[in-house]
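J.: Take a look at the following structure, please.
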């Protein structure tokens with residue numbers, strides 16, 4: 001493993017990571033602004049390249065690790081890794097500290113109780129607890145993309161706000177690539193709220209919505 005230093009990142013460590021979808025470069029870093037440790041999974045050599053396929057993924061322990069079906073996070077994470085592997089050049093930035101759109105794991109589980117017992121959606125269940133709907137900061141993703149020398153990105157996302165956030169941090173987003181997960185009885189309420197309340201582009205809802 002080799003350690004590198006960058007003025008915009010407190011610490012950076014890199015190593016090879018062999019996965020079921022082949023070899024990636026794992027770039028772990030501590031962001032000095034949010035204090036969290038994040039990970040960029042890099043395929044190929046994106047430095048100096050334009051239109052690099054990029055996924056900026058917010059941590060979701062329940063979906064990413066345990067396969068919870070109430071959200072599409074785990075499915076999106078797997079699909080993003082597949083797409084980047086197939087492209088042979090791309091970056092997946094995994095942002096920690098983003099659990100529940102930034103409210104944390106305990107608070108997120110409390111919102112689940114309100115969703116299950118009172119029928120509240122993902123937005124109203126947060127505000128009912130006096131919590132913000134979304135406090136995520138995507139600056140760390142922008143800083144590691146700058147560190148990697150990415151010229152411009154094609155962003156794997158359904159969220160136009162994420163495009164705006166990266167742009168505000170100096171990342172050129174040349175296009176947005178949909179990352180649609182299957183809709184079923186477990187995630188349809190969540191996805192409908194993301195479409196109707198949070199402005200996500202989710203044409204796959206179809207008759208479910």
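J.: Nearest 10 degrees, 0 to 90: what angle lies between the long axis of helix 105-118 and the longest principal axis of the chain (Cα atoms)?
T.: It works out to around 30 degrees.
J.: Just report the Cα centroid separation between segment 70-112 and segment 12-51, whole Å.
T.: Taking the Cα centre of each part, segment 70-112 and segment 12-51 sit 15 Å apart.
J.: Rounded if a/c is under 1.5, else prolate if a/b beats b/c, else oblate: with a ≥ b ≥ c from the C-alpha gyration tensor eigenvalues square-rooted, which is segment 102-209?
T.: Oblate shape, in that a/c is at least 1.5 and b/c is the bigger or equal ratio.
J.: On to the next question. What ranking, highest mean first, results for peptides 71-81, 167-177, 130-140 when packing means the other Cβ atoms within 10 Å averaged over each residue?
T.: 71-81, 130-140, 167-177
J.: Also: Calculate the radius of gyration of the Cα atoms of the chain to one decimal place, then report Dmax, the largest Cα-Cα distance, as a whole number, both in Å.
T.: 17.1, 51
J.: Calculate for the chain the 222 nm mean residue ellipticity that helices alone would give, adding -39,500 (n - 2.57) per DSSP H run of length 4 or more and normalising by residue count, nearest 500 deg cm²/dmol.
T.: Computed ellipticity for the chain at 222 nm equals -9500 deg cm²/dmol.
J.: Separation between the residue 196 and residue 69 pseudo-spin-labels, each 7 Å from Cα along Cα→Cβ, expressed in nm?
T.: Taking the two extended label points, one gets 2.2 nm.
J.: Another question, then. For segment 17-91, how big is the tail of P(r) above 22 Å, as a whole percent of Cα pairs?
T.: Tail fraction, whole percent: 29.
J.: Could you rank the peptides 37-50, 13-26, 192-205 by their average count of other C-beta atoms within 10 Å per residue, with the highest value first?
T.: Output ranking for 37-50, 13-26, 192-205: 37-50, 192-205, 13-26.
J.: Evaluate the distance, in nm, between pseudo-label points positioned 7 Å from the Cα of residue 188 and of residue 50 along their respective Cα→Cβ axes.
T.: About 4.4 nm, to one decimal.
J.: OK, next. Roughly what % antiparallel, to the nearest 5, for the DSSP beta bridges in the chain?
T.: Close to 65 percent.
J.: Quick one: helix 73-87 against the long Cα principal axis of the chain, what's the angle to the nearest 10°, folded into 0 to 90?
T.: 30
All of the numbers you see were taken from the coordinates with simple rules; none came from a lab. Computed from a predicted structure; not experimentally measured. Methodologically, a virtual Cβ is constructed for each residue, glycine included, from the backbone with ideal geometry; neighbour enumeration extends over all protein chains shown.
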